[in-house]
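First comes the structure, then the notes that go with it.
The values are calculated or read from the model by the stated rules, or taken from the named source; none is laboratory data. The model shown is predicted, which means the values in this text are computed figures rather than measured ones. With ideal geometry, Cβ positions are generated from the backbone for all residues, glycine too; neighbour counts draw on all protein chains shown. Surface accessibility is based on the protein's heavy atoms, side chains included, excluding ligands, DNA and RNA. Shrake-Rupley method; radii C 1.70, N 1.55, O 1.52, S 1.80 Å.
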Amino acid sequence: MHVNWTGIVVVILAYGLGSIPFGYVIVRWGWGADIRTLGSGNIGATNVLRSSSRWGGILTLVLDAAKGFLAVYAARYFLHGNEKYVAMAAIAVVAGHVFPVFLKFKGGKGVATAAGVFLCLGPLSLLTSLVIFILVVAIWRFVSLGSIISAGSFCILYFLLEFSKDHSLWILSASVISSCLIVVRHRENIKRLVMGTENRFPGRRK
């Protein structure tokens, strides 16, 4: 059986790239603090914004999205568009952010990284889900609710807007798995939303 060693290496590197905890690094270097001990304890952009500064949050968002984009862009380039390994790299980089080896597998929720992935793989679907996210946050002021709804709708949007005979089932599968990872990582937020104790944006928990 032929083994695509280049594909395997690219997937491993994608996981490693995803594992870089930019929110943790930015707060540690910029403010000398551990983001995991601040606010919600999450290493993502929302908690960095609330716990450190607006620019820290923006930089975290950009870098987390960039690593997702770079992972799948590089996979497409080095694997000549092999959709199987591109999809595996997409899942690996999101999984790396959610379960980073550098932080004992306790990471973020994967929203920004997945956005970077699908900016490359499904830009129209991403744009539509971004509009949904903005509307949800504008109306209810819950970032977590916007993330859950937009992530849950993304794979449906991808199927409706971009999936065709020219698109591999591998990419569709990657969108489903990534969306599921994001929703599962928001399980504590879902509990707080039900209990009415979730943070609004901007603001603090009731």
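Dipole of the stretch 144-198 (Lys/Arg Cβ +1, Asp/Glu Cβ -1, origin at the Cα centre): which of T197, L157, A174 lies farthest to the positive side? Of T197, L157, A174, it is T197. If you take the Cα centroid of the stretch 121-138 and the Cα centroid of the stretch 30-106, the two points sit 19 Å apart. Springs join every pair of Cα atoms under 10 Å in this Gaussian network model of the chain, and among V25, V94, V11 the largest mean-square fluctuation is at V25.
Rounded to the nearest 10 degrees, the angle from helix 22-31 to the longest Cα principal axis of the chain is 40 degrees. Across the stretch 11-63, counting alpha-carbon atoms alone, Rg and Dmax equal 11.0, 33 Å.
Taking the Cα centre of the chain as origin, sum charge times position over the Cβ atoms of Lys and Arg (+1) and Asp and Glu (-1), and report the length of that vector in debye to the nearest 20.
On the way: 20 positive and 7 negative charges, 177 e Å.
With Lys and Arg at +1 and Asp and Glu at -1, about 840 debye.
Note that the stretch 64-73 has calculated 3J(HN,Hα) couplings of 5, 5, 4, 5, x, 5, 4, 4, 7, 5 Hz, one per residue in order, obtained from phi through the Karplus relation 6.51 cos²θ - 1.76 cosθ + 1.60 (θ = phi - 60°); glycine and proline are x. Hull volume per residue, based on the alpha-carbon atoms of the stretch 1-94 and their convex hull, is 92 Å³. Based on protein heavy atoms only, the stretch 1-141 ends up with 51 Å² per residue of surface accessible to a 1.4 Å probe.
Close amide H partners of F142, meaning residues 5 or more places away or on another chain with modelled amide H under 5 Å apart, are F201.
Its alpha carbons give the stretch 98-170 an Rg and a Dmax of 13.8, 40 Å.
Tell me, what % of the accessible area of the stretch 1-55 is carbon and sulfur with a 1.4 angstrom probe? Of the solvent-accessible surface of the stretch 1-55, carbon and sulfur hold 65 percent.
Compared with the rule-of-thumb size 2.2 N^0.38 Å for a compact globular protein, the stretch 134-206 has a Cα radius of gyration ratio of 1.31. In the chain, the longest principal axis of the Cα atoms and the axis of helix 123-140 are about 10 degrees apart.
Rounded to the nearest 500 deg cm²/dmol, what is the calculated helix-only ellipticity per residue at 222 nm for the chain, with -39500 (n - 2.57) per DSSP H run of length n ≥ 4? Could the numbers behind the result be given before it?
Working: 10 runs with 146 residues, N = 206.
Helices in the chain give a 222 nm mean residue ellipticity of -23000 deg cm²/dmol.
Normalised Debye scattering of the stretch 29-183 at q = 0.20 Å⁻¹ gives log10 I(q)/I(0) of -1.27, counting only Cα atoms as equal scatterers and leaving out solvent.
Would you mind classifying the stretch 61-120 by shape? Square roots of the alpha carbon gyration tensor eigenvalues, ordered a ≥ b ≥ c; an a/c under 1.5 is rounded, otherwise it is prolate if a/b is larger than b/c and oblate if not. Write out the running numbers ahead of the final one.
Details: a/c = 2.46, a/b = 1.62, b/c = 1.52.
Note, shape of the stretch 61-120 comes out prolate.
Computed from label points 7 Å out along Cα-Cβ, the spacing between L70 and F102 is 1.0 nm.
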